[in-house]
1. Is the chain best put as rounded, prolate or oblate by its Cα gyration tensor, with a ≥ b ≥ c the root eigenvalues, rounded for a/c under 1.5, and otherwise prolate when a/b is larger than b/c, oblate when not?
2. Run down the lysines and flag those whose C-alpha is under 17 Å from the C-alpha of Lys211, throwing out any fewer than 8 positions away in its chain.
3. Distance from a point 7 Å along Cα→Cβ of Phe430 to each backbone N in the range 104-144: keep the residues under 14 Å and list them by number.
4. Just list whichever of Lys33/Lys345; Lys44/Lys73; Lys33/Lys243; Lys269/Lys398; Lys73/Lys129; Lys93/Lys375 have alpha carbons separated by over 24 Å in the model shown.
5. Need one word for the range 139-249: rounded, prolate or oblate. Basis is the Cα gyration tensor (sqrt eigenvalues a ≥ b ≥ c); a/c below 1.5 gives rounded, then a/b vs b/c decides.
6. Below 13 Å, Cα to Cα, which aspartates and glutamates can Lys355 reach? Residues fewer than 8 away in the same chain don't count.
7. Given R₀ = 41 Å, what would the calculated FRET efficiency be for Glu12 paired with Glu450, taking r from the Cβ atoms and rounding to 0.05?
8. Treat the count of other C-beta atoms within 10 Å as a stand-in for reagent exposure and order Asp195, Asp113 from fewest to most.
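Computed from the coordinates by the stated procedures, all read-outs in this text should not be read as laboratory data. This structure is a prediction, so every number in the text was calculated from the model and none was measured. With ideal geometry, Cβ positions are generated from the backbone for all residues, glycine too; neighbour counts draw on all protein chains shown.
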Amino acid sequence: MKYISTRGNIGEVGFIDAFMMGLGNDGGLLVPKEIPAVSAETMKEWAQLSYQELVLRIFSLYTSGEIADEDLKEMVAASYSTFRHPEVTPVRKLKDDLYLLELFHGPTFAFKDIALQFMGQLYSYAATKQGKKINILGATSGDTGASAIEGVRGKDGIKICILHPNGKVSKVQELQMTTVQEDNVLNLSVEGNFDDCQRMIKELFADLDFKSANHLAAINSINFIRIMAQTVYYFYAYFQVAKETGAKTINFSVPTGNFGDIFAGYLAKRMGLPVGKLILATNENNILERFVHEGIYMPGDFRSTYSPSMDIQVASNFERYLYYVLDENAEAIRSLMDDFKKTGKIVIDESALRKVQAEFAAHGVQGQACLDTIKQYKADTDYLLDPHSACGVAAVEKCAGAGEISVSLATAHPAKFNEAIELCGIEQTFPEQISELFDKQQKQTLVDGELSSVVNELVKFYND
Ligand SMILES: *Cc1c(COP(=O)(O)O)cnc(C)c1O
């Protein structure tokens with residue numbers, strides 16, 4: 001398997017190089033040269049596998065022998081040994097036609113752990129193999145930061161710096177990131193919102209001299225390896241629910257911000273998984289909902305919501321999807337992304353929009369509707385949804401047809417977002433790993449929203 005850029009201006013690279021490059025050196029996003037096809041027969045066999053076995057089968061399609069089988073097996077075992085549930089991502093029935101895919105049994109209680117626990121292993125592997133220093137740099141709306149830090153804290157040869165928007169993440173998210181005391185971790189708390197953080201990260205990665213001089217590595221979902229790791233649970237959940245219901249096709253509803261997770265679902269479908277509708281669930285920051293309905297991609301005003309991990313206007317992974325909508329035409333992508341830079345919007349034509357609408361349904365869950373969903377499901381099923389997962393479930397109610405079976409992704413544990421749960425008048429008991437955070441010392445550096453201030457802090461950190 002080789003990897004190419006959506007903008008067509010880098011040569012083909014292998015798996016480890018794609019992993020280390022993160023953002024394409026031409027500013028595009030890396031994608032597999034060909035999407036591997038999985039036959040119905042193979043899937044029949046896969047349906048019997050454990051989560052970890054399934055991971056190995058799927059990853060092998062993408063690593064094409066660059067990592068020895070034994071090494072890969074060891075890394076996968078280590079990655080998922082930190083999860084609190086033996087199935088890693090168990091499926092749970094909420095109603096006859098609605099299942100929840102619980103993705104929050106990892107160390108930081110959100111779905112980001114599924115990819116980032118593995119990427120932590122992979123960074124160590126690459127650092128050792130190539131005898132190189134690695135400086136991980138990323139932006140977070142809350143969950144990626146905690147998860148990425150957890151994946152590499154204290155690891156030799158690796159430093160990690162995470163930018164988060166000051167005061168715009170939940171208390172638990174902030175504590176998970178900032179109570180880590182290891183010297184290889186730097187938390188920058190930025191005056192601004194997530195889009196500001198993400199823009200600065202993209203600018204730093206686009207500066208190829210800075211990137212190579214400082215050994216920068218990308219942890220955000222611009223890194224294809226995250227997408228790859230997240231395709232696994234779509235397969236796993238499909239197999240469990242198909243066995244139980246006899247359904248041939250199954251919808252997936254995905255609480256969406258950066259379009260990474262739902263793109264993994266799209267990729268699973270392109271690999272051959274019989275996915276019905278991909279339901280894009282979002283909140284008031286509904287740029288992607290508007291795109292699915294109107295074919296126009298144009299950032300609106302940033303809003304703070306009950307589901308802060310989805311408070312994103314410019315979705316990094318959108319370019320990956322656009323590339324497939326435009327039949328893998330890199331030249332068309334270059335021209336659309338140029339337009340976007342100049343005019344602040346992307347418009348696709350009628351036939352492309354029909355393709356988008358054949359694949360996706362979308363619904364933005366606004367304000368009180370999110371809290372009402374949490375309250376209603378607590379009352380009806382005694383299940384406490386977190387505000388992101390609640391958006392997913394509400395979108396199923398809106399978008400799934402009669403008789404269709406849907407799996408809604410539960411992307412975080414409710415304890416991470418007690419601010420919203422309290423507003424529902426619900427009192428929850430925190431898991432011990434979360435309640436003990438409140439007694440720990442915090443370590444973070446406040447910076448203004450200027451790129452130069454971030455660079456100053458980075459240079460200090462790297463030279464330390
Ligand atoms: C990151 C995150 C999302 C959004 O996922 P994307 O891949 O950015 O679309 C949704 N819910 C939670 C809890 C998250 O942490």
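1. Rounded shape, in that the Cα axes give a/c under 1.5.
2. In chain and number order, the partners are Lys132, Lys133, Lys159, Lys202, Lys460.
3. From the range 104-144, the list is 109.
4. Lys33/Lys345; Lys33/Lys243
5. Working: a/c = 2.01, a/b = 1.74, b/c = 1.16.
It is prolate, given that a/c is not under 1.5 and a/b is the larger ratio.
6. The qualifying aspartates and glutamates are Glu294, Asp327.
7. After rounding to 0.05, the efficiency reads 0.65.
8. On the way: Asp195 19, Asp113 27.
Exposure proxy ranking, most exposed first: Asp195, Asp113.
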